[in-house]
Amino acid sequence: MSRIILHIDLDAFFASVEERENPHFRGKPIIVGADPKGGIGRGVVSTANYEARKFGVHSAMPISKAYKLCPQCVFLPVDAELYQSVSERVMNIVATHANLCEVVSIDEAYLDISFCGTFARARELGNKLKNEIFKKEKIHATVGIGPNKMIAKMATNSAKPDGLKSVSPEEVKDFLGPLDVEKIPGVGPKSSTTLYRLGFDTIEKLREVPEDFLTHYFGKWGSTLYKESQGIDERPIEVFQEAKSIGHEETFEKDTRDSEEIFTVFDNLLKETFQEAAKQHFKFKTISVKCRFSGFETHTKDKTTALRPISFAQYKKTAHVLLLEFLVQYKNPVRLIGVRLS
Ligand code: TTP
Ligand code: MG
């Protein structure tokens, strides 16, 4: 028997929490992210509510560009602690609806609701869940239901915002067919460009391609892509999934090569990240350092340590070596640095 998987994702999450906390912003275009500083601010957009998205603003866009597109938007800083606490309350509600619950990010989770037996009953549960979250937390969510995680997530994406969409096994083929290959989770701009170049713009076209053709172009991932284009995804719901990484990053006020400035900011990030990991009893093996240079060129370097648990001094030394390698290898001024533990 086929499984029934429910995917839920909160709508414009950070912005929705801000709207809830500040009712006078309701209905206005809101952007949460770095300070735009009247258009010269650095850093990026974390998220924009759906009103602001009408102006073309989206997550990860430079905040200066967002300001150009929509100077009249309400710009708010990121209140990570607040969003985390709302997320925890929402995920507690979500988790009461099934034994198998996998929280995948701050605003997203999968449930195995095969016990519903039919997609009609699964939809009822989806609506109940949406209503309960809205009643208790005043946040809208979108729910997608399908025979596997991929279809459930794609159903959510197609029903945003505040929607519910189910795709039964019989409906999978028609649902996927007309969609752009870019809609497949995991197909980023790079692979979609290759696929377009090869003439496969829709999933309908992609699914006619033999598997070995895709592995020729994409290696092992080609096999996954082949399966996905057929609507197949056998990944289980992973209940005991801990946070996979912890990290922080910061954009400099001005691109800089001043090593004192760079290392001062870096050491603060190192401390903050290490303390957070300790607080959450988060075990990590890999330390990654990210560097963005003038012109947005971004690189990461990482080091996997055999030593566990690692002391703060060892961790700091490893991170410093990685950052130094960057500074030796690239001569451009630095725009952003970050550290991540995984
Ligand atoms: P998403 O679920 O990707 O986006 P969203 O909830 O804002 O909007 P929607 O789901 O309706 O499309 O991400 C959840 C939160 O994670 C988002 O509110 C802000 C944060 N986030 C970032 O900080 N940077 C990013 O690049 C992305 C994609 C999200
Ligand atoms: Mg979301």
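The values are calculated or read from the model by the stated rules, or taken from the named source; none is laboratory data. The structure presented is a predicted model; accordingly, all values stated were derived computationally and were not measured. Because the Cβ atoms are built from the backbone with ideal geometry, glycine has one as well, and the counts that use them run over all protein chains shown. Protein only, heavy atoms only, side chains kept; ligands, DNA and RNA dropped before computing areas. Shrake-Rupley method; radii C 1.70, N 1.55, O 1.52, S 1.80 Å.
Partnerless cysteines in the chain, where a partner means another cysteine C-beta under 4.7 angstrom, comprise Cys101, Cys116, Cys291. The GluC sites (Glu not before Pro) of the range 271-322 meeting both criteria, a DSSP state outside H, G, I, E and B (loop) and at most 13 other C-beta atoms within 10 angstrom of the site's C-beta, are Glu297. For His140, the accessible area of its heavy atoms, probed at 1.4 Å with every protein chain present, is near 80 square angstrom. Mean residue ellipticity at 222 nm, helices only, the chain: -12500 deg cm²/dmol; runs of at least 4 DSSP H residues each add -39,500 (n - 2.57), and the sum is divided by the number of residues. When the convex hull of its Cα atoms is viewed from all sides, the chain shows a mean projected area of 19.4 nm².
Candidate membrane-span-like segments in the chain, meaning DSSP H helices with Cα atoms spread over at least 18 Å of their own axis and a Kyte-Doolittle mean of 0.0 or above, are 80-95, 312-329, with no membrane implied. Distant-in-sequence amide contacts of His248, defined by a placed amide H-H separation under 5 Å and a gap of 5 or more residues or a different chain, comprise Val339. Shape verdict for the range 160-308, please, from the Cα gyration tensor: rounded (a/c under 1.5), prolate (a/b greater than b/c) or oblate. Because a/c hits 1.5 or more and a/b exceeds b/c, the range 160-308 counts as prolate. Put simply, the C-alpha atoms of the range 223-342 give a gyration tensor, and the ellipsoid matching it has half-axes of 30, 21, 12 Å, longest first. Sorted largest first by accessible area at a 1.4 angstrom probe radius, with every protein chain in place, the residues Thr256, Thr298 fall in the order Thr298, Thr256. Within the full protein context, the accessible area of Lys301 is estimated at about 40 Å² for a probe radius of 1.4 Å. With the cut-off at 1.5 for a/c, could you classify the range 1-146 from its C-alpha gyration tensor as rounded, prolate or oblate? Cα axes put the range 1-146 in the prolate bin. Label positions at Lys331 and Phe213, each projected 7 Å from the Cα along the C-beta direction, are separated by 4.7 nm.
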